Every structure is written in C-alpha cells, then in structure tokens.
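Student: Shown below is the structure under consideration.
The values are calculated or read from the model by the stated rules, or taken from the named source; none is laboratory data. These numbers were taken from a predicted model, which means no experiment stands behind them. A quick note on method: Cβ atoms are made from the backbone with ideal geometry, for glycine too, and the neighbour counts reach across all protein chains shown.
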Amino acid sequence: MFRFPLFIAMTLIIAFGGGILISLYALDATSGFGAIKLGAWEAFPELQTEDADPYAKSHRARAGRLLYGSAEGLMFTAKVDDQGNRLDAACRYRLRGQTPPARIWTLFTADNGGNPASLQTGLPGAMNSWTVLRQADSGFSIDISAQARPGNWLAVPAAGTFQLVLTLFDTPTAGSSGVIDLAMPKLEKTGCGNA
C-alpha cells in the first residue's frame, strides 16, 4: 500500500537531487565556451556580453562578479606558465613584456577559485599599471615568488597552486575581433625550492 508512493518519492528525490548536483558541477567545471588562449593567458571575450552562452551567464550570476561592458574590460587568467606547468607557490616565476593597450590594468594573485589569494599582512598581492616599475622600452619585469625580490615583486600564497588574474580596463581590444592577435606578457618559471 505504501510501497508505490514511497517508490515515486525516492525517484523524485534522486532525479531532482541528481539534476541539481550535475548542474552545480557543470557551473564549476567551466566559465563558458569561446575561450581564447594566448600563451599562458586565457580569456573569455564574450563572457561579459549578452551573447554569452547559458553556462557562462549562470556561472556569472552564481559567482556574483562585477560585469564589464564589451569595451570596458577584458579579464585574462593564467593557471599555468608558458611551458604548460601548473603555477605552484613553491616555485619562482617572472612575468615580462608589455600588456595590450589599455587605460589601466591590474594584476593580482588569486586562489584556484579566482578570488584574491590569502597572503600575510603587508605582502604585495596586487599590482597595476601605475605602480609597476618600467624599463626604457615601456616593458616591465615582475618577479612572482614567496621570497621578496628587488624591483617589481608579487607575493604568492604560502603553499599550493594559484593563478594570476590580469584585467585590462578601457581597452580597445575588448570590443574587437582582434583579441587573438594580442601580444601578452611572457610567464616563465625561474626555479623551484632552493634551486
């Protein structure tokens, strides 16, 4: 007598619960389609526009992140170096070159979720185009490591993997189709541990 309603209740719980879990997994697994990879850097140019795919829109809404207009900004992330190795806090890296044209850019170390990394108080976890020391050709070189370095230095978390987030604000490249031709700064590993 109670067997049939119990069977239907169990089926609904499994169906709805499984659907919700699979949807949450899909939202965490990707930021959307249409990624552009330039060396170590990856961007989703349509992520902020109304042309974004449904997964990107849902991911954006769930994360509650600030949205830029199509010509207001473009965010690049680097989870690997130029050789394709995952960024690790036990290693040292050097970011050098120039950024694409932008009124201002920001760079910060982030955890694997894209949030600013937890660092010890007083350590520089972010840098921007106004504070970076430049070379004569307007290029820059930024050391990224746990130990302090002279010149431009960006601290990393105490342990584990991390990512870099470079955001270009008020850039003509964000609204154009020429994003694939941009020259991004090179990210190379300079050593690990005491070596």
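Student: If you check every pair at least six apart or on different chains, which have Cβ atoms under 7 Å apart with a residue in the stretch 91-118 that is closer than 13 Å to residue 80 by Cα first and a residue that is surrounded by 14 or more Cβ atoms within 10 Å (Cβ to Cβ) and basic (Lys, Arg) second?
Tutor: Short answer, once both residue conditions are applied: 91/189; 93/189.
Student: Could I ask something else about it? So, in the stretch 149-195, exactly how many residues are among the hydroxyl-bearing types (Ser, Thr, Tyr) and either within 20 Å of residue 87 (Cβ to Cβ) or at pLDDT 85 or above (or both)?
Tutor: Selection size over the stretch 149-195: 3.
Student: Of these, 52, 40, which one is modelled with pLDDT under 75 and either in contact with an Asp or Glu (Cβ under 6 Å, 6 or more places away or on another chain) or aliphatic (A, V, I, L, M) (or both)?
Tutor: 52
Student: If you take the residues of the stretch 119-174 that are touching a residue at least 60 places away in the same chain (Cβ under 8 Å) and touching a Pro at 6+ places or on another chain (Cβ under 9 Å), which of them is surrounded by the most Cβ atoms within 10 Å (Cβ to Cβ)?
Tutor: Of everything passing the filter in the stretch 119-174, 168 is surrounded by the most Cβ atoms within 10 Å (Cβ to Cβ).
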